[in-house]
Structures are given as C-alpha cells and as structure tokens.
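Please read the structure below before turning to the comments.
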Amino acid sequence: ATTATDDPIDTLPASFRWGVATSSYQIEGAVAEGGRTPSIWDTFCRVPGAVTDGDTGDVACDHYHRMPQDVALIAGLGVDAYRFSVAWPRVQPGGRGPANPAGLAFYDRLVDELLGHGVDPWVTLYHWDLPQELEDAGGWPARDTAYRFADYAMLVFDALGDRVRTWTTLNEPWCSAMLGYYHGQHAPGRQDLGDAIAATHHLLLGHGLATGRMRAAATGPVELGITLNLSTAAPATDSAADRDAARAADGQGARLYLDPLLRGAYPEDVLADLAAEGVRVPVRPGDLEVISAPVDVLGVNYYFGQLFSGVDEDGRERDEDGRPVRRVVPQGLPTTAMGWEIRPEGLTELLVRLGRDYPGVPMVVTENGAAFEDRPDADGFVADDDRVAYLAEHVRAAARARLAGADVRGYFAWSLLDNFEWAYGYDKRFGLVRVDYDTQRRIPKRSALWYRDTVRRVRRH
Ligand code: PNW
C-alpha cells in the first residue's frame, strides 16, 4: 500500500481504535459519597510518608461530580473509546454481598453519557482499589479474594453488560502484587515475597473466574481481556550474569503473567528462581485451566524500556544475602519526570515479541504516556511539546509493530486528565488535559490538540 507520507502513523487503518484512559481512584474523589466504603488506597494514603506531600484521592479531579463535563472533553478529542475503571467499594461496599444501587448508578450514567456522545465504554473492573474490608480478611494473598472478585465482576457485568462490550478484568496485576505486597510502594504496603506471589496467583485466578462467568453470561458479542504492564528487559552486556538478570526480570515481570494466562502454565525458570527464595506458587488442581480461559484481547501498558545487569558496582554477582544481583542500569536515554527512560523502539520490540511468543491474541496498547514538568502560561495552557513527541514516537512504534506483523488493534493515551499518580500524589502530571487542582478547571494541553488531529487524520485513511 502506498501512503501519503513516510510517517508510519499514516499506515494505520481507519479501523484502528483510539482512546484515552483513567482509573477510578485516580480521578473520582467523593470517597465517602453514594455509600462508598474505604479502599486500600484510602488507608494507604494515611500512612505517614507513603504518598508524596501526604496527598490522597479524597477529591482528586472531582470527576464524580463533573462526569458529564469530562465526557464532553473526551468526545471533543474525537476518540473511539474511553477506558475507565469501576471502584469496587462503590459498587459493593466491603467487598461482599449485594450491589449498592447508588454506586452502580454512577457508572450507569457514565456509560449512557459516553454512548450518547458516540464513545465506546471500555470497563476495567479492578484498577487497584480493593475494599479495605477484604484486605483486613487477608487481601490478595488470601485465595478467597479471587472468588470475591468474580462475584463483584458479575454485579457490574449484570448491570452494564447490556451496553458495554469490552471488559478488562485487571489492570496490571504485577503492580497490585509486587508493588503492593513485596516492594511496599503501593497499597496495602506489605513487604513479603511469599505474600506477593500468592497475590499474583489469586489475582490471575480471579481474572479467570470472572472471565469464565462473564463469557457464560454474555447474551451478545463481548470482548474480554486483561491488561498487563510490560516493558523490554535487555542484558546490559553479553555476559552470562547480565543475560541471566534480564531473563529473570522478564520472567518475573512478564512471563509469570503471560504464560499462565496464554499458555496455561507457569514458567519453569521463574518457579525455580522463586523456589531458591523459599517461595512457591499456591496452585491447586484445576487453577491453570481457570486462569487460561480464552481472552479476546491482551491489553499492553508500556512506558519504558530497561537494561539489566547481573553484577553490582563492584562486579559481584551475589548480594549480602547470597541472592543473584538483578540491577537496572541506565542507558543514558532521556527520561520523563518519573525518571523512566524513554525508549519508543521498545514498544515495537515488545509487541512483535508478544505476537510471536503468544500468537492468536489481538493486542491493544491500553496505556502509554508520560509525566513531564508542565509549565502553564497565564491562561493555564501547557505547550507540552515533550509529551507530543513522546506520544507521536510511541504511536509510530505501535504502527511499526503492525507493519512487522503484530496484531495491534488500538492505542489508548494515559491519561485523559492530570490525576492522582499513586505514591507520587499530584506531583506527577500525565494528562492530555491540565487540571488546576485549586479550581478544578480543565485546560486541554497541546498534546490533546495533537491527539485529536492525529485521530482525525488516521480516520480518513
Ligand atoms: C500504571 N512501574 O502504573 C497505571 O496503570 C496507572 O494507573 C498509572 O497512573 C500509570 O501507569 C503511570 O504510572 C504503573 O513501577 C506504576 O513499573 C508503576 C509502574 C508501572 C506502571
């Protein structure tokens, strides 16, 4: 096919799906309204030192009260779809029992508002706001939480399934399990590898249980999937130690999730690494059949590419505890305000690799974007050329992956709005639209205008 320009973006088909993404705790606020009960993030934000400046999601972008205005913003961008998440403690306070009608009503109105503007709702069922009561009962390391999640998923599916076609069970289970239960940087802030690995298994089990039940209950066409945070993990040198560090990092970050979901088995090398730490995955007979329930789409969140070394600064391959060294080493690339190295070609490599290693599953980039030091002018306008460049290079990278044969169907920018960036609070801004947190005024940045124009241009292909 010939294209008007040399820009790979111009090779994307008119059917390519464009969207913007957010998540409930990061934008909604109104944490005690409509019968919502606390989530693990409400609790974690109150732990001294857990979140920059002691920020919380109490108000966030006040989206709960400004939803129609925000949907109008989305429609103004001309995107096909809006990826948002449902707050479990709104819909099912405490994480058990019947649905809370007031909580469901908010998402009911949101879905209708989107459809009224010609925007497809893409529902994520879990973007990290576990009801605190379930954490008190053991959280994700407890097997019962998987069953509670599947019950909750069905409450939402029963209420919105007549109008919502695309469902994502979990956003980034690696973050829930490892940042939440091992590194302690995310809620609930626990630090135990065994708990984190049990959490991983129960998140995946919850995904499989919910997927099977939604598939069985669907009366029309549905697209069911899961979203993973993935990156590239390359060895810093060709040494055996560096290659093993990259293998282990990719194993624990990517294959520990991809293999059970898409191949029905945990990766042997990762199980061996874990066994060396005295940790085993609490698998019961039948679990892997549940976890590997067929999915219609794999969501890929990509932000950065990493390089790994298997030796410390002094050339040692073992740390004080005798564990193999696995260290991220800087590549000397430009970074975002998060300190993440910008490596667009990593997105091409990742999508091509996924298409090769896990064939037959359509992929959508469900998150990609960047925080930068935005400098608003007197009118609040941000000329964020750095973000425009970041987004353009990554959309190009996704287009190149398509040209190389990867089945990439769409791209979602993270995020519609500046919002509560987890442990960084409001200090980091990922939005295409600026939020003035004093007035709650929304001001589209240059990147929003660029995105609107790009979507419009590709639509005409
Ligand atoms: C994702 N990491 O989080 C989330 O899905 C979003 O809610 C979040 O706002 C966005 O990316 C930007 O951070 C991640 O440490 C958090 O590798 C941490 C990591 C990756 C993704």
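Rounded to the nearest 500, the helix-only mean residue ellipticity at 222 nm of the chain stands at -11500 deg cm²/dmol, with each DSSP H run of n ≥ 4 adding -39,500 (n - 2.57). Computing FRET efficiency as 1/(1 + (r/R0)^6) for A32 and E320, where r is the C-beta to C-beta distance and R0 is 45 Å, gives about 0.50.
Ranked from largest, the principal axis spans of the Cα set of the stretch 296-398 equal 56, 42, 19 Å. With contacts taken as Cα pairs under 8 Å at a separation of at least 6 residues, the stretch 90-142 carries a relative contact order of 34 percent. Calculated on the Cα set of the stretch 137-232, radius of gyration then Dmax: 14.3, 43 Å. One chain, two ends: R327 and R446. Fully extended at 0.36 nm per residue, the span grows by 39.2 nm beyond their Cα-Cα distance.
Summing Lys and Arg as +1 and Asp and Glu as -1 over all other residues whose Cβ lies under 15 Å from the Cβ of G346 gives a net charge of -2. An ellipsoid equivalent to the stretch 241-377, defined through the eigenvalues of its Cα gyration tensor, has semi-axes of 28, 25, 13 Å when rounded to whole angstrom and sorted largest first.
Placing dummy labels 7 Å off each Cα toward the beta-carbon, the span from D108 to H65 is 2.3 nm. Just how many % of Cα pairs in the chain lie over 36 Å apart, if you round to the nearest whole percent? Of the Cα pairs, 24 percent sit more than 36 Å apart.
Within the accessible surface of the stretch 107-255, defined with a 1.4 Å probe on protein heavy atoms only, the carbon and sulfur portion equals 47 percent. Computed with a 1.4 Å probe on the full set of protein chains, the accessible area for D238 sits at about 120 Å².
Global dimensions of the stretch 314-370 from alpha-carbon coordinates: Rg and Dmax equal 16.4, 45 Å. Residues H461, H63 ordered from highest to lowest accessible area at a 1.4 Å probe: H461, H63.
Subtracting the Cα-Cα distance of D162 and R409 from 0.36 nm times their residue separation leaves 86.6 nm of extension gain.
Compactness of the stretch 108-158 was expressed as the Cα radius of gyration divided by 2.2 N^0.38 Å, which yields 1.45.
What does the net charge come to around G405 if you take all other residues with beta carbon closer than 12 Å to its beta carbon, with K and R at +1 and D and E at -1?
Result for the neighbourhood of G405: +3.
Over all directions, the projected convex hull of the C-alpha atoms in the stretch 193-297 averages 7.4 nm² in area. When the alpha-carbon atoms of the stretch 47-171 are used, the pair Rg, Dmax equals 15.5, 44 angstrom. Label-to-label distance, R459 versus Q185, with points set 7 angstrom from Cα along the beta-carbon direction: 3.8 nm. Across the chain, Cα pairs under 8 Å and at least six residues apart give a relative contact order of 17 percent.
Computed over the stretch 1-117, relative contact order equals 31 percent, with contacts defined as Cα pairs under 8 Å that lie 6+ residues apart.
Residues F372, F412 ordered from highest to lowest accessible area at a 1.4 Å probe: F372, F412. Accessible area per residue (1.4 Å probe, heavy atoms of protein chains only) ranks R402, R459 as R459, R402, with the largest value leading.
At 0.36 nm per residue, minus the direct Cα-Cα distance, what do E345 and Y147 gain on full extension? Give it in nm, one decimal, please.
67.4 nm
Shape analysis of the stretch 1-98 based on the Cα gyration tensor places the equivalent ellipsoid semi-axes at 36, 17, 13 Å, largest first. Find out how many positive minus negative residues lie around M67, taking Lys and Arg as positive, Asp and Glu as negative, among other residues whose Cβ is under 14 Å from that of M67. Its environment carries a net charge of -3.
The values are calculated or read from the model by the stated rules, or taken from the named source; none is laboratory data. Source: prediction; values computed, not measured. Cβ atoms come from the backbone with ideal geometry, glycine included; neighbour counts cover every protein chain shown. Each accessible area value is taken on the protein alone, full model and side chains, heavy atoms only, with ligands, DNA and RNA left out. Shrake-Rupley method; radii C 1.70, N 1.55, O 1.52, S 1.80 Å.
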